[in-house]
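Each remark here refers to the structure printed beneath this line.
The values are calculated or read from the model by the stated rules, or taken from the named source; none is laboratory data. Please read these numbers as outputs of a predicted model, since none were measured by experiment. As a convention, Cβ positions derive from the backbone with ideal geometry for all residues, glycine included, and neighbour counts pool all protein chains shown.
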């Protein structure tokens, strides 16, 4: 069997003396692992760095087999971000999150397209985290939705009003208004205005958004499978 696809490498591990196991977020085949013969050579290792965008050919005798990859570099994002610690941190974080949150070989085309937009924006934006932080949070919220755990930020869970929504309930994942949430404000999660279409984005807004998505990713996606938020993701908060 054989397929051709494009993808973003999310992890690289040594296999034997010279070969490599890679995990790739592909456009048409979801998160898909494979073996690269000679993948730990100097030339191949540069192509296979996590975050790089590649064209792929996968071959296997059976569809269920690990199979082998041949990869051709399209965009060496890992190298282009080396001088920007915050951007490199985002790249490492999204790769780690995808590796622990997605089941193998389930197509997530919308999620892949969103990832492309995020990384393209990251590549072209300035180094200030506020320039791309809101998009990163929206992508993580989109990941939750893709996996069936979308947040409902349309109206207050307690009263149904649509104005002055500033909290999210950690139990229901629904928005809560200022008035309804005031007695319980210390138990609720902050809702950053940009998730409701608000104006300018501050570092504190992005930090609140990352804390929000991290809470629900850990609770609904990772904890049921005895997994934890990757260290690369936790370190992102240091940039805000």
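The residues of the stretch 99-138 that are more than 20 Å from residue 85 (Cα to Cα), assigned to a helix (DSSP H, G or I) and in contact with a helix residue (DSSP H, G or I) (Cβ under 8 Å, 6 or more places away or on another chain), listed by number, are 100, 101, 110, 111, 114, 138. Selection of the stretch 198-214 for residues being buried (at least 17 other Cβ atoms within 10 Å of the Cβ) and either more than 17 Å from residue 146 (Cα to Cα) or modelled with pLDDT under 95 (or both) yields 201, 205, 206, 207, 208, 209, 210. Within the stretch 215-230, the set of residues being in a helix (DSSP H, G or I) and either surrounded by 14 or more Cβ atoms within 10 Å (Cβ to Cβ) or touching a residue at least 40 places away in the same chain (Cβ under 8 Å) (or both) comprises 215, 216, 217, 218, 219, 220, 221, 222. Condition check for residue 157 on (1) surrounded by 12 or more Cβ atoms within 10 Å (Cβ to Cβ); (2) closer than 27 Å to residue 109 by Cα: one failure, at (2). Of note, residue 62 satisfies the criterion of being exposed (fewer than 14 other Cβ atoms within 10 Å of the Cβ) and farther than 23 Å from residue 220 by Cβ. In the condition set (1) surrounded by fewer than 20 Cβ atoms within 10 Å (Cβ to Cβ); (2) touching a strand residue (DSSP E or B) at 6+ places or on another chain (Cβ under 6 Å); (3) on the phi < 0 side of the Ramachandran plot, residue 164 is compliant with all but (3). Residues in the stretch 75-98 that are surrounded by fewer than 17 Cβ atoms within 10 Å (Cβ to Cβ), part of a helix (DSSP H, G or I) and at pLDDT below 90: 79, 80. Might you let me know whether the stretch 35-42 holds any residue that is surrounded by 14 or more Cβ atoms within 10 Å (Cβ to Cβ) and either under 25 Å from residue 220 (Cα atoms) or within 17 Å of the chain's Cα centre (by Cα) (or both)? Looking for residues that are surrounded by 14 or more Cβ atoms within 10 Å (Cβ to Cβ) and either under 25 Å from residue 220 (Cα atoms) or within 17 Å of the chain's Cα centre (by Cα) (or both), one finds none in the stretch 35-42, hence no.
Quickly run through the stretch 7-52 and pick out the residues that are closer than 22 Å to residue 106 by Cβ and out of contact with any helix residue (DSSP H, G or I) (no Cβ under 9 Å at 6 or more places or on another chain). 13, 21, 22, 24, 29, 32, 33, 34, 35 - these are the residues of the stretch 7-52 that are closer than 22 Å to residue 106 by Cβ and out of contact with any helix residue (DSSP H, G or I) (no Cβ under 9 Å at 6 or more places or on another chain).
In this structure, does residue 138 turn out to be within 20 Å of residue 212 (Cβ to Cβ) and surrounded by 14 or more Cβ atoms within 10 Å (Cβ to Cβ)?
yes
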